[in-house]
Amino acid sequence: MRTTSMTRLSNYRFIFQWGTILGLCILVRLPHFLTHHFYFDEDEALIGIMAQDLLSGDAFPYYFYGQNYGLSIFETVSVAGCIKIFGSGIWALRIGGLLIFSLGVTFIYRTFKARELSGLFTCSVVFLVLAFPTWYLWGAMVRGGYVTAFAASCVIFFITQRKESKNYDAWLLGLMMYIAYEGHGLVLLPILPLVLDWWLKREGKWKSALIIPAVALTSLYGMRHLFVIDGKSEAPPISWAGMKWENFTEHMEGWINGFSGFYFYGVNFDPPFYWNVGLYILFIVMIVAIVVGIWRATLKQKMIATFVLLAIGIDLLLLAQIQEYAPRYFIGIFTGILFLLLYLFVNVEFRIKRILTAALAVTAFIGITTGSKMRRHWYEGKNFADGLEQVYTYAKNQKNVKAVIALDNQYAWNYMFGDDIPATNLCWENRTRQFSDRVKEVFEKDPDGIMMTGFYGISMGIEELEGFKEESIHPVPEFFVFRRVTRAHIEKGRERFYCMDEL
């Protein structure tokens, strides 16, 4: 009876800690959330659609729609729960992401708490992670596995750093390695040496050496057998022969953007000058803390830290394979640096550790003041989601608008309005066809029921057709609306917008 009561108390304590950290995660992001930059992109909207499908019982979305990779079930479940509370909008996506991210941070907090480190030092570490620039926005974004990989890596960190191992640790490590790998392998890679460190301290080494890979590989290939779908895109293969120096240098030129989150897809935005300086200070202090920590570490700890650095180096080399500039791939690199720092903070005692940690936490917290400057769409001074909603209102007020061809942001439209007025882009074959099929049916049976919309000035060459400019309407300055949609308009747009299917 006493054991049951202690377990229940421990569970309540964990839920309280998780809830508190979730609240702090939301608070530090309010400078961004309360601005016109508060917006979700197409990948996030797709997770929202997957969550709607889960709630309706139409699907059990395991991978990111349209792919055979990108473990999304945890994000989907989290967002589905939030949709029940907040409805289908941005808050369901943001809180859904932060539920998973804050769960990971909770395990980091419990790691330092279990090691009986001082409360002030533990709070400094938690505040550093809460406001860490790389995860400031991405911790609240559901984009097909990133926050899932982070949370699973935090659980791995917790298991490998606690003093007393549990009998089930090897099983749990194998499961978490599978989840993190399927979520985002670049986030997992730098934390793998910590599993080696844990294994070296175990008594039953051979038993653990069998259990961990057996659980990870069985889960990986078992789930892929169940959920891989023919015709869906596969993860890009790793090919060292495909590495190019030009790709590497192009990515490295934007490292400060990858570190800070000041980008939107492949477009960089400049941080405010004071935060640009702050980012360099934050990075330099992190490097100083790592160098001092390694200097003061034992030989075995130096070896583990070296392996982490090598894993980070592999993450860097993988950038040379990516042809299109994509700052989001720096997430694995800077997460690796963060976990190396946390590993040294937990295990190595050096005189200035607490001073450096406090300096890092304070500097990271200064960065949250730039949240209002972190752009997530193309139009400065406007909220894109509000503009899209005004276009929807316009469509509702028109006669006979049954479906929409959205030249961009079809998933954002469908997440918010697709049950009422479905949308597709210029293609019928999309990452999910549930909306495209309905639009195609309207186009073939009642073409007058189709409305075309998109960003003003980005109309895929369709503006070259006679009458388009004269008949286009602008319900809001950022969007155009065109009602007389014909096969010729779609064919013209497809000259620039590649489709895998025939019209």
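Structure above, values below:
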quantity	calculated
Within segment 416-474, tally of residues that are touching a helix residue (DSSP H, G or I) at 6+ places or on another chain (Cβ under 7 Å) and on the phi > 0 side of the Ramachandran plot	2
Candidate set from segment 278-308 (those that are β-branched (Val, Ile, Thr) and open to solvent by 60 Å² or more (accessible area, probe 1.4 Å)); member that is farthest from Gly332 (Cα to Cα)	Thr298
Selected residue (criterion: most open to solvent (accessible area, probe 1.4 Å)) from residues of segment 312-351 that are part of a loop (DSSP other than H, G, I, E, B) and within 18 Å of Leu117 (Cα to Cα)	Arg351
Number of positions in segment 253-311 that are among the polar types (S, T, N, Q) and not in a helix (DSSP H, G or I)	2
Test: residue in segment 227-235 that is within 18 Å of Leu318 (Cα to Cα), in contact (Cβ under 8 Å) with a residue 24 or more places away in the chain and either open to solvent by less than 60 Å² (accessible area, probe 1.4 Å) or within 23 Å of the chain's Cα centre (by Cα) (or both)	yes
Candidates Val105, Val79 - the one that is at pLDDT 95 or above and closer than 24 Å to Asp58 by Cα	Val79
Test: residue in segment 406-415 that is on the phi < 0 side of the Ramachandran plot, in contact with a Gly (Cβ under 7 Å, 6 or more places away or on another chain), among the hydrophobic types (A, V, I, L, M, F, W, C) and part of a loop (DSSP other than H, G, I, E, B)	yes
Residues of segment 379-395 satisfying the condition of being over 15 Å from Ile473 (Cα atoms) and not aromatic (Phe, Trp, Tyr)	Glu380, Gly381, Lys382, Asn383, Ala385, Asp386, Glu389
Hits in segment 460-483 - residues which are assigned to a loop (DSSP other than H, G, I, E, B) and more than 28 Å from Asn383 (Cα to Cα)	Leu465, Glu466, Gly467
Qualifying residue in segment 371-379 (condition: without any contact (Cβ under 8 Å) to a residue 24 or more places away in the chain and out of contact with any strand residue (DSSP E or B) (no Cβ under 6 Å at 6 or more places or on another chain))	no
Residue satisfying condition, being in a strand (DSSP E or B) and either open to solvent by 50 Å² or more (accessible area, probe 1.4 Å) or closer than 19 Å to Arg438 by Cα (or both), within set Met451, Met500	Met451
Filtered residues of segment 136-178 (kept if outside any loop (DSSP other than H, G, I, E, B), aromatic (Phe, Trp, Tyr) and surrounded by fewer than 21 Cβ atoms within 10 Å (Cβ to Cβ))	Trp138, Phe158, Trp171
Scan of segment 125-155 for residues that are within 14 Å of Ser72 (Cα to Cα), modelled with pLDDT of 95 or more and among the small types (Gly, Ala, Ser), ordered by number	Ala149, Ala151, Ala152
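Here's the yes/no breakdown for (1) hydroxyl-bearing (Ser, Thr, Tyr); (2) under 15 Å from the mean Cα position of the chain (by Cα); (3) open to solvent by less than 30 Å² (accessible area, probe 1.4 Å):
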| residue | (1), (2), (3) |
| --- | --- |
| Phe33 | no, no, yes |
| Pro61 | no, no, yes |
| Phe64 | no, yes, yes |
| Tyr69 | yes, yes, no |
| Ser72 | yes, yes, yes |
| Ile95 | no, yes, yes |
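The values are calculated or read from the model by the stated rules, or taken from the named source; none is laboratory data. Since we're looking at a predicted model, the values are computed, not measured. Every residue, glycine as well, gets a Cβ built from its backbone with ideal geometry; the counts of neighbours run over all protein chains shown. For the accessible areas, the whole protein counts, side chains as well, though only heavy atoms, and no ligand, DNA or RNA atoms are used. Shrake-Rupley method; radii C 1.70, N 1.55, O 1.52, S 1.80 Å.
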